[in-house]
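Have a look at the structure below before the remarks.
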Amino acid sequence: MVKRQTPTAAVEVDKASFNYKNIKAIDELTLEVPRGISFGLLGPNGAGKTTLIRMLVGLLKPKSGNIRILGEDLTRQTAPLIGYMPQLPALYSELSIIQNVNFFARVYQMKDKQQRAQRVEEVIKLVDLWERRNDSVMKLSGGMKQRVSLACAIVHNPPLLFLDEPTVGLDPELRFTFWEHFAELTRQGTTLIVSSHTMDDANHCDRLALMRDGVVIAQGTPNELKKATGKKEANLEDAFLYFVKREEKSV
Amino acid sequence: MFNQVSTIAGRVILQLLRDRRTMVLLILVPLVIASIVGVSIPEKQMLDYIAPAVLAVLILFFGFILTGISFLRERSQGTLERLMASPASKGDVVGGYLLGFLLFAVLQTMILFFYLIYVLDVSFAGALWQIIVFQIIIGILAVCLGIFISVFARNEFQMVQFIPLIILPQVFLCGLLWPVSQMPEYLQWIAKFLPLTYGVDGIRALMLDGQSLLDIGKEIGVLAGYAAGLMVLASLTLRRGAAS
């Protein structure tokens, strides 16, 4: 079993594995994410970040091992506790912004009409698209679609939010705005799990897991990981390469 | 459960209503096809024989293509994956699609029915509500078939290729133009395994012979059996496609 850092970890993964036919995507991965922080899964393309996130949101069943979310085994009952923003914007392009967000609010069982309408308005304002709420999603730019996708993921106020490469294709200004939203969410107590392959995103996270070939090769705060290299001016790219080399040596 | 189904159905309906061009085509195309059938068959007796079958064929065709392409887009755009990560179950998704598309199936049937009867002067001996109920059964079959087949397509072009493979053989062998009993024996055998054959037999019994739903229990049973089997297959394959 995973040795618990806190009795109330947001995510506990214990020796989970997943294969796509003969390719090992996740290999006996063990991980624990404390509550209320932004946790980054950092690694190159093909490292297994998206597969891990799909396992954590219940889309893929691990071939072996165990996954617990907020202290509970992953079942359909835990689905309302989770918010998920996939890599693609994943929106209904014919529908307007407000119709998309309202649909996901209803799917996530927000039954009270008045409360739902209030929350839908709140999240659309949060992503700064209220003026365009009646526009079809197909008329929006890539960055706007990402913002709508974020609104759909957080509309039901989930305590645990998975964001799969949320800033891919965004300009630096919008990326900054996104991270401001994410910081606000963690201040409110939401646990964020963000996958990324960019060092810029990684620097915003409270803790990081560096992934390669379906395993976690190192974990820690960005500063801890940089310090481990022994270099004064090291950045996270240096840290990643340092741990890759260390892993290769140990193999 | 029903709450999720109605939410998904509402979204499916809203999506189609907002796509005005598709809505216009959904109404116009069956009327154009019915008109072509009407003017190309001058003999009234022959038209009376073919027109009910056109109702069954069109509902299967449009149900299949609409659901297939909609579902394919759900998969390729990632919305199905998002839905599968939510509290909605596979059954909710299939149920939502069924409910959503059946509304259009009923609408299409009624428009086509009144056009055949009042514009093309096709004879009619049954009850409209029974025809609608029977058309809904064919519609359910079409929706389940569309969802299931969409698993095997990766884009719209591939999905369209399934029409000649899945729909056309049924159209040729269902008895639309000439009775199944007059076909070679081996074709009659194949026709026995195709659901549209029972769809066409059933709708002819209702419209031409004035029979009731109770008289066509065999046809309803076979269609319901196919629909149930496809619904199970569609539900089972739902996550596979969503995650791929």
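Right, A:S141: small (G, A, S) and away from every other protein chain (no Cβ under 11 Å) or not?
So A:S141 passes the test.
Please enumerate the residues belonging to segment B:86-97 that are free of Cβ contacts under 8 Å to residues at least 60 places away in the same chain and within 18 Å of the chain's Cα centre (by Cα).
none
Please go through segment B:93-123 and pick out each residue that is surrounded by fewer than 23 Cβ atoms within 10 Å (Cβ to Cβ) and either under 11 Å from B:I8 (Cα atoms) or within 11 Å of chain A (Cβ to nearest Cβ) (or both).
The answer is B:G95, B:L99.
Being of a type in the set (G, A, S), at the interface with chain B (Cβ under 7 Å from one of its Cβ atoms), touching a Cys at 6+ places or on another chain (Cβ under 9 Å) and crowded, with 19+ Cβ neighbours inside 10 Å is the requirement here; does A:A90 meet it? Outline the logic, then answer.
On the way: of a type in the set (G, A, S): yes; at the interface with chain B (Cβ under 7 Å from one of its Cβ atoms): yes; touching a Cys at 6+ places or on another chain (Cβ under 9 Å): yes; crowded, with 19+ Cβ neighbours inside 10 Å: yes.
Yes.
Is it the case that segment A:101-111 has a residue that's among the β-branched types (V, I, T), outside any loop (DSSP other than H, G, I, E, B), over 17 Å from the mean Cα position of the chain (by Cα) and at pLDDT 95 or above?
Yes - at least one qualifying residue is present in segment A:101-111.
Would it be correct to say that B:V133 is at pLDDT 90 or above, within 15 Å of the chain's Cα centre (by Cα) and surrounded by fewer than 20 Cβ atoms within 10 Å (Cβ to Cβ)?
In short, yes.
Condition check: at pLDDT 95 or above, assigned by TED's automatic domain parsing to the domain that holds A:W179, of a type in the set (V, I, T) and assigned to a helix (DSSP H, G or I). Does A:I124 satisfy that?
no
Out of B:T79, B:T67, report the one residue that is surrounded by 20 or more Cβ atoms within 10 Å (Cβ to Cβ), within 21 Å of the chain's Cα centre (by Cα) and farther than 23 Å from B:G202 by Cα.
It is B:T67.
Provide a single number: the residues in segment B:161-181 that are exposed (fewer than 14 other Cβ atoms within 10 Å of the Cβ) and either free of Cβ contacts under 8 Å to residues at least 12 places away in the same chain or among the hydroxyl-bearing types (S, T, Y) (or both).
First, the residues of segment B:161-181 that are exposed (fewer than 14 other Cβ atoms within 10 Å of the Cβ): B:161, B:164-165, B:168, B:177-179, B:181.
So of that shortlist, the ones also either free of Cβ contacts under 8 Å to residues at least 12 places away in the same chain or among the hydroxyl-bearing types (S, T, Y) (or both) come out as B:161, B:164-165, B:168, B:178-179, B:181.
Matching residues across segment B:161-181 total 7.
Residues in segment A:4-19: is at least one touching a helix residue (DSSP H, G or I) at 6+ places or on another chain (Cβ under 7 Å) and within 27 Å of A:N157 (Cβ to Cβ)?
Yes, there is a match, as at least one residue in segment A:4-19 is touching a helix residue (DSSP H, G or I) at 6+ places or on another chain (Cβ under 7 Å) and within 27 Å of A:N157 (Cβ to Cβ).
Please verify whether segment A:42-64 includes one or more residues that are small (G, A, S) and within 12 Å of another protein chain (Cβ to nearest Cβ).
There is at least one residue in segment A:42-64 that is small (G, A, S) and within 12 Å of another protein chain (Cβ to nearest Cβ).
Are any residues in segment A:144-158 among the polar types (S, T, N, Q) and within 13 Å of another protein chain (Cβ to nearest Cβ), and if so, which ones?
A:Q146, A:S149
Yes or no: segment B:22-42 includes at least one residue that is in a loop (DSSP other than H, G, I, E, B), more than 11 Å from chain A (Cβ to nearest Cβ) and without any contact (Cβ under 8 Å) to a residue 12 or more places away in the chain.
Within segment B:22-42, one or more residues are in a loop (DSSP other than H, G, I, E, B), more than 11 Å from chain A (Cβ to nearest Cβ) and without any contact (Cβ under 8 Å) to a residue 12 or more places away in the chain.
Looking at this structure, is B:R73 surrounded by 23 or more Cβ atoms within 10 Å (Cβ to Cβ) and among the charged types (D, E, K, R)?
no
Do any strands (runs of 3 or more DSSP E) entirely within segment A:1-93 hold 2 or more residues that are of a type in the set (V, I, T), and if so, which? Before the answer, list the steps.
On the way: elements: A:11-20, A:23-33, A:38-42, A:64-69, A:82-85.
The qualifying strands (runs of 3 or more DSSP E) are A:11-20, A:23-33, A:64-69.
Based on this model, can you work out whether A:Q77 counts as at pLDDT below 95, surrounded by fewer than 20 Cβ atoms within 10 Å (Cβ to Cβ) and under 26 Å from B:L14 (Cα atoms)?
Spelling it out, it is not the case that A:Q77 is at pLDDT below 95, surrounded by fewer than 20 Cβ atoms within 10 Å (Cβ to Cβ) and under 26 Å from B:L14 (Cα atoms).
Looking at A:Q115, A:Q77, can you tell me which residue is more than 12 Å from chain B (Cβ to nearest Cβ) and of a type in the set (S, T, N, Q)?
Just a single option satisfies the conditions, and that option is A:Q115.
How about segment A:171-192: which of its residues are aromatic (F, W, Y) and surrounded by fewer than 17 Cβ atoms within 10 Å (Cβ to Cβ)?
Start the filter on segment A:171-192 by keeping residues that are aromatic (F, W, Y), which leaves A:176, A:178-179, A:182.
The answer is A:F176, and nothing else.
Residue by residue through segment A:127-138, note down the ones that are within 14 Å of chain B (Cβ to nearest Cβ), assigned to a helix (DSSP H, G or I) and surrounded by fewer than 17 Cβ atoms within 10 Å (Cβ to Cβ). Break it down stepwise before answering.
Within segment A:127-138, the subset within 14 Å of chain B (Cβ to nearest Cβ) is A:134-138.
Remaining after also requiring assigned to a helix (DSSP H, G or I): A:137-138.
Of everything in segment A:127-138, just one residue is within 14 Å of chain B (Cβ to nearest Cβ), assigned to a helix (DSSP H, G or I) and surrounded by fewer than 17 Cβ atoms within 10 Å (Cβ to Cβ), namely A:M138.
The values are calculated or read from the model by the stated rules, or taken from the named source; none is laboratory data. Everything numeric here is computed off the predicted structure, so don't read it as measured data. Counting neighbours? That spans all protein chains shown, and the Cβs are built from the backbone with ideal geometry, glycine included.
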